[in-house]
1. Can you spot a residue in the range B:338-358 that is touching a Phe, Trp or Tyr at 6+ places or on another chain (Cβ under 6 Å), crowded, with 21+ Cβ neighbours inside 10 Å, on the phi > 0 side of the Ramachandran plot and not aromatic (Phe, Trp, Tyr)?
2. Within the range A:81-99, which residues are assigned to a loop (DSSP other than H, G, I, E, B) and either of a type in the set (Ser, Thr, Tyr) or buried (at least 20 other Cβ atoms within 10 Å of the Cβ) (or both)?
3. Would you confirm whether any residue within the range A:364-384 is β-branched (Val, Ile, Thr), outside the structural domain of residue A:197 (by TED's automatic domain parsing), under 30 Å from residue A:291 (Cβ atoms) and in a helix (DSSP H, G or I)?
4. Pull out all pairs, ordered by first then second residue, where Cβ-Cβ is under 9 Å, the residues are six or more apart or on different chains, the first lies in the range B:34-52 and is in a strand (DSSP E or B), and the second is at pLDDT below 95.
5. Find the residue count for the range A:275-302, including only residues that are free of Cβ contacts under 8 Å to residues at least 60 places away in the same chain and facing another protein chain (nearest Cβ under 7 Å).
6. If residue B:216 passes every condition in (1) more than 8 Å from chain A (Cβ to nearest Cβ); (2) in contact with a strand residue (DSSP E or B) (Cβ under 8 Å, 6 or more places away or on another chain) but one, which one does it miss?
7. Inspect the range A:343-360 for any residue being of a type outside the set (Val, Ile, Thr), under 28 Å from residue A:231 (Cβ atoms) and in contact with a strand residue (DSSP E or B) (Cβ under 9 Å, 6 or more places away or on another chain) and give the result as yes or no.
8. If a residue must be in contact with a strand residue (DSSP E or B) (Cβ under 9 Å, 6 or more places away or on another chain), facing chain A (nearest Cβ under 9 Å) and within 18 Å of residue A:26 (Cβ to Cβ), how many such residues does the range B:243-271 contain?
2 protein chains.
Amino acid sequence: MRVATLRVQSFAEVAVPRPDLSARSHRIQPFHVMTLLARARELEAGGADIVHMEIGEPDFPTAAPVREAGRQALADGRTGYQPAAGLPALREAIAGHYQRDHGVEVDPGRILITPGASGALLVALAMLADPGRNVLLPDPGYPCNRNFVEAVDATPRAVRVDAGSDYQLTPGLAAAACDERTAAMLVGSPGNPTGTLASSADLAGLAALGQRRGIGLIVDEIYHGLHYDGAPAQALAHAPDAIVVNSFSKYFGMTGWRLGWMVVPADWVPVAEKLLQNLFISASTPAQYAALACFTEASREIFEARREAFRQRRDFLLPALRDLGFHIPGNPAGAFYLYADITALGDDSADLASGLLEQAGVAVTPGLDFERTAPERHLRFAYTTDTDRLATAVSRIQRYLAAGG
Amino acid sequence: MRVATLRVQSFAEVAVPRPDLSARSHRIQPFHVMTLLARARELEAGGADIVHMEIGEPDFPTAAPVREAGRQALADGRTGYQPAAGLPALREAIAGHYQRDHGVEVDPGRILITPGASGALLVALAMLADPGRNVLLPDPGYPCNRNFVEAVDATPRAVRVDAGSDYQLTPGLAAAACDERTAAMLVGSPGNPTGTLASSADLAGLAALGQRRGIGLIVDEIYHGLHYDGAPAQALAHAPDAIVVNSFSKYFGMTGWRLGWMVVPADWVPVAEKLLQNLFISASTPAQYAALACFTEASREIFEARREAFRQRRDFLLPALRDLGFHIPGNPAGAFYLYADITALGDDSADLASGLLEQAGVAVTPGLDFERTAPERHLRFAYTTDTDRLATAVSRIQRYLAAGG
């Protein structure tokens, strides 16, 4: 079916320069962990046994009732576009969830369904941050967050947080870091990589600061539901004008379906909706129908059993790593991560991660992906594998360290 | 589970101004058709019968073998994240499709799976267009395209195209419109709203212009496969360094699954991949497994039967509208749209669309969503409903016009 025509040679053939890539293409960084993951797969292909503690994904498949609801939706031919704001029944179900689990009343009209929390974060930052403005982010933090800021050509401003504030951005730290160019603050609770929670007082304080200074507040709650020492504060109860981002990926176990949501102040709903409409058309229809089944008793029992499994893993791994000499300050009370200071064991976390992978068969993520301040002193351990495997990892790490690293 | 704390009042309660929204929030426009669609639903709720010719979505559900493959993937627990670049088997299958259907050899490593063509367009523009640069777009054109340009803070530069070039951007028009700030050209073939095709000479000429001037070329081929008078030129054969965007939504009938792909020059693959990784994590896993079933003989038979149905609809609707006095120049040889000049019938297409909806029960889209030059003179008709319903619409329009509009 090819038509004879002028044949244009590729750039490579004619050796002319390609068009310039955008500046943001250079600023946005790939995840360093991907290189490590690729190497782990290589070692496995060569017959090695690797304990994976580098992956931020629950090791459970989506719960059977949710998969079944997805299968039913497909059998019923529910495959067309949905409204940009999402399936009305799902928005209602999420409002019910806020009421039941958090005692917070949220108008379903303020809840917008998004393609993953990723879609929500992009829209939230596109709404708030113009080029040349800056956005405050706790450091350490989730690497995508600063890259979403880069994607909209604003400047991520890393604010050092430490064990003193349980690795959370406090109103005092934020007030000291913001200036007249600050468009937004973006915090996560439970946080990645530290697993720590923001207090209600911190959320209220950030909200008050935002009001005084005209700065937006975005709260990433994608690990909500995965908490082990009492529930985290619900931002909507303490920061009524925050943009709250959540996901069906973690507690609800729907990672690969790519479904999340955002709650926005009522008068910003049309703005968020037109951005969703233009950037994504709508979120996945089979995923939205499947997600309706997340809010049944049968599904909740599965989610709660999984939460209990994560709790047991944390309760095993946290003291075990501390016994090995890893310093884990603060209270990692949620998500499925421990963020360890390795100072007592070495002076380069990337070297240690590489050694653990190559010599001990344990994959963990060095601090490089998570922070600007002291990446070489930190490792993230994800407890997204079962306790037996975690015990294997601990023994292997112990032997590796005993042998002198 | 609420914790007593300082209660922060909402912006509304304390009457302080909200943080400013970004400039792009104001520039990006909602689709005007949504208001019309909402009104159509209202009329239907009141008992009216409306023929829907405003919707850019095939009226067929996803083909049974594809839905079945999705159901199987869910039964098998394939619900986790995939690599950011997509399922390797799907990238291979798409490469096979280019070979078989277009005689074009494409390295599967250059094919990246995206969350809809939407995800591909956002990444393509984020790669090429910095704030302050401009992007050439044919006018009329698909409204999201200029909004993707706005989303990355570049300036959409509408280039008037007309029947003389079958509504396609030609190398001559592009050369006249570009300047030293032009980052990219974004064209679609078959085009929306006109259904016309870019010639191989035009694609080669745009590619050559891009090479001379260091301007990127993005070719949107999401309606490829839906063509009725011979296949459109395949951009990869004529513009080897173009970024080509495609989708499983239209020919493959997977709209609500949100799955597409992009083909990028080999040395830009790592850049596109890191953007996909950061902005989306990965495309939908159930959708990717389902899409594998698009490339079987059984599925192809269904797609081809549907294409034949679209052809019959076009062959009915095009002369029927012309008989009614709509001027449809050029050759609408693909997609499922006819773009009509209404000058002989009235002087305001928005009024005409409103009259047709309210008085005649026919929903069509006024030019406002598609062009800047003469929106008031144009209407888009989508033949995404069966021939009987199209015949009903034609009779109703005829009566409406005969009654004096």
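1. Among the residues of the range B:338-358, not one is touching a Phe, Trp or Tyr at 6+ places or on another chain (Cβ under 6 Å), crowded, with 21+ Cβ neighbours inside 10 Å, on the phi > 0 side of the Ramachandran plot and not aromatic (Phe, Trp, Tyr), which makes the answer no.
2. Of everything in the range A:81-99, those that are assigned to a loop (DSSP other than H, G, I, E, B) and either of a type in the set (Ser, Thr, Tyr) or buried (at least 20 other Cβ atoms within 10 Å of the Cβ) (or both) turn out to be A:81, A:82, A:84, A:85, A:86, A:87.
3. There is no residue in the range A:364-384 that is β-branched (Val, Ile, Thr), outside the structural domain of residue A:197 (by TED's automatic domain parsing), under 30 Å from residue A:291 (Cβ atoms) and in a helix (DSSP H, G or I).
4. Between residues of the range B:34-52 that are in a strand (DSSP E or B) and residues that are at pLDDT below 95, the close pairs are B:52/B:37; B:52/B:40; B:52/B:59.
5. 1
6. Unmet condition: (1).
7. no
8. The qualifying residues number 2.
The values are calculated or read from the model by the stated rules, or taken from the named source; none is laboratory data. Remember, predicted model here, so these are calculated numbers, not experimental data. As a convention, Cβ positions derive from the backbone with ideal geometry for all residues, glycine included, and neighbour counts pool all protein chains shown.
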